[in-house]
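Here's the structure we're looking at; comments come further down.
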Amino acid sequence: MATDPMYKKLKERMSNLTIFEDIMKPRAYINTGLIPFNYILSLKTSGGFPLGRIIEVYGPESCGKSTLGYCCIAQAQRDGAYTMLIDSEGVFDKEQAERCGVDPAHLLYLPPTDARTIFKYIAETIDTLYVQGTETRPLLIVQDSVASSSLYTSIESMGKDPQAELARILSLNFNKINLLVTTHPVTYIGLNQIRITSKGGNIFVEESPGGRALKFYSSIRIKMKREKEWTENGETIGIIASAITTKNKTERFGYKCTIPIRFDIGVDTLSSLIDLAKETGIIKVAGPYLKWKDESKFKKDWYTTLADDPMLKKELEEEISVAIGETIERTPVSESEDFSKESWEGESTGEENADNR
């Protein structure tokens, strides 16, 4: 407690004013279920998405954003949190969500609707749970996606260009829900696409639809990228994606991890765990074998062993937690890696410009 009497006088005069030292407490997180992803978000293997924050996950199409959102919802449900999916695109696949571990019976689902209604439901949900109610369990909200948010719902809007007005609506409503999110155990994740537009001549720039509101209000921004296809025995079974924090106001930014995504189960957390154990030196590579605890096995055999033995898996996670802080290095992020400033030169034609618009 500060000893300066002026601090005490100011606290007595203004009821909402306090000393920062008096309110410091451990930050709470929603676990993503993916240890390396937890780490780049919070610099803790047991962390994840911080509560009370607006977060943006952006990237090109087919890079795994929706699958990552489903898997984060599934983990939040397993941890007892409330979950809400805002399906702006109208592409929610119940079977795919269940393959990722989502329990549809415990998922608040908002079908496609206009942007104003989306924010109204977000505000009413938070108000019902935490303002009018006495819930203490966290709430994870995933919107898929911000880029597909509609402004109009009637046929009279056909032929209009709503992008500028949509940007204003998003800015106004993010301003309204920002206080609700930051003062309650709520995490909002907005999935957002990027698109390439021509700035004239042969200059192209990556942008995100909906203006800059989400970028501005986000405490954490994660850029996803599809690195390569994941093949086994000549068959494509998924993709390998990467995620990098281009903005992080809760911890340092610029950390990167890979996210293995299989078509049949979504994010493969166990494969990611084994790869991270190799990266940290917990598991040694000996030719085609992986050695841990004086045992050498093929990766697929370790995969089966860890899947069948949760205690052994937990032991491996604990060993990684001890070592990870010394072995995972920060990846420098320059302004050129922020999508709003990325640009490159290339041959441009009128037809290409029209397509990119």
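Please label the shape of region 233-294 as rounded, prolate or oblate, based on the square roots a ≥ b ≥ c of the eigenvalues of the alpha-carbon gyration tensor (a/c under 1.5 means rounded; beyond that, a/b larger than b/c means prolate, else oblate).
oblate
Tell me the label-point distance for the pair K176, F263, using the 7 Å Cα-to-Cβ offset, in nm and rounded to one decimal.
4.2
Apply the a/c threshold of 1.5 to the C-alpha gyration tensor of region 159-276 and tell me whether it is rounded, prolate or oblate.
Verdict is oblate for region 159-276.
Using only the Cα atoms of the chain, build the gyration tensor, take square roots of its eigenvalues as a ≥ b ≥ c, and label the shape rounded, prolate or oblate: rounded if a/c is under 1.5, else prolate if a/b is larger than b/c, else oblate.
Since a/c reaches 1.5 but b/c is at least a/b, the shape of the chain is classed as oblate.
Which part of region 237-254 falls in the paramagnetic zone of K225, meaning amide N under 14 Å from the point 7 Å along Cα-to-beta-carbon?
Within reach of a label on K225, which here means backbone N under 14 Å from a point 7 Å along Cα→Cβ, region 237-254 contributes 240-246, 254.
Using amide H atoms built 1.01 Å from N in the peptide plane, name the residues 5+ places from K256, or on other chains, whose amide H lies under 5 Å from its own.
Amide H neighbours of K256: T331.
Could you sort M311, M84, M6 by accessible area so the largest value comes first, with the probe set to 1.4 Å?
Highest to lowest solvent-accessible surface, that is M311, M6, M84.
Give me the percent of accessible area attributable to carbon and sulfur for region 251-299, probe 1.4 angstrom.
52
Which of G33, A213, P310 sits farthest toward the positive end of the charge dipole of the chain, with +1 on the Cβ of Lys and Arg and -1 on the Cβ of Asp and Glu?
A213
Using a 1.4 Å probe on the protein chains only, how many percent of the accessible area of region 84-223 belongs to carbon and sulfur? If you can, show how the numbers build up before the last one.
Working: 3480 of 6710 Å².
That share works out to 52 percent.
Whenever you get a sec, line up D294, D144, D264 from highest to lowest accessible area (probe 1.4 Å, protein heavy atoms).
Order by accessible area, largest first: D294, D264, D144.
Under 28 Å Cα-Cα from K120, which lysines qualify once same-chain neighbours fewer than 8 residues away are excluded?
Within the straight-line cut-off, K120 pairs with K65, K94, K160, K176, K215, K223, K247, K249.
To the nearest 20 Debye, how big is the dipole of the chain about its Cα centre, given +1 on the beta carbon of each Lys and Arg and -1 on that of each Asp and Glu? Intermediate values should be presented prior to the final figure.
Values: 44 positive and 52 negative charges, 263 e Å.
Approximately 1260 debye in magnitude.
Going Cα to Cα from K284, which lysines come in below 27 Å? Please leave out same-chain ones fewer than 8 positions away.
K44, K228, K256, K293, K297, K299, K300, K313, K314
Heavy-atom accessible area per residue, region 30-170, 1.4 Å probe: how many Å²?
42
Pick out, in residue order, every one of the chymotrypsin sites (Phe, Trp or Tyr not before Pro) in region 270-315 that is DSSP loop and has at most 12 other C-beta atoms within 10 Å; say none if there are none.
Answer by residue number: F298.
If packing is taken as the mean number of other Cβ atoms within 10 Å per residue, what is the order of 33-40, 98-105, highest first?
Order by mean packing, descending: 33-40, 98-105.
Local charge sum around S88 (other residues, Cβ-Cβ under 15 Å, Lys/Arg +1, Asp/Glu -1)?
Values: positive: K65, R116, K120; negative: E56, E61, D87, E89, D93, D114, D144.
After counting each charged neighbour, the total is -4.
Please build a GNM for the chain, connecting alpha carbons under 10 Å apart, and tell me which residue among N31, N175, N192 fluctuates the most.
Comparing N31, N175, N192 in a Gaussian network model of the chain, the most mobile one is N175.
Tally Lys/Arg at +1 and Asp/Glu at -1 over every other residue whose Cβ is under 10 Å from the Cβ of Y289; what's the total?
Combined, the nearby Lys, Arg, Asp and Glu give +2.
Find which of T134, I86, C71 sits farthest along the positive direction of the dipole of region 69-139, computed with +1 on the beta-carbon of Lys and Arg, -1 on that of Asp and Glu, about the Cα centre.
Checking the options against the dipole of region 69-139, the answer is T134.
Which percent, nearest 5, of DSSP beta bridges in the chain are antiparallel?
Of the beta bridges lying entirely in the chain, close to 60 percent run antiparallel.
So, in Å, what gap is there between the alpha-carbon centers of region 190-260 and region 77-116?
22
The values are calculated or read from the model by the stated rules, or taken from the named source; none is laboratory data. No experiment lies behind these values; they were computed from the predicted model shown. Reconstructed Cβ throughout: ideal geometry from the backbone, glycine too, with neighbour counts over all protein chains shown. For accessibility, only protein heavy atoms count, side chains too; no ligands or nucleic acids. Shrake-Rupley method; radii C 1.70, N 1.55, O 1.52, S 1.80 Å.
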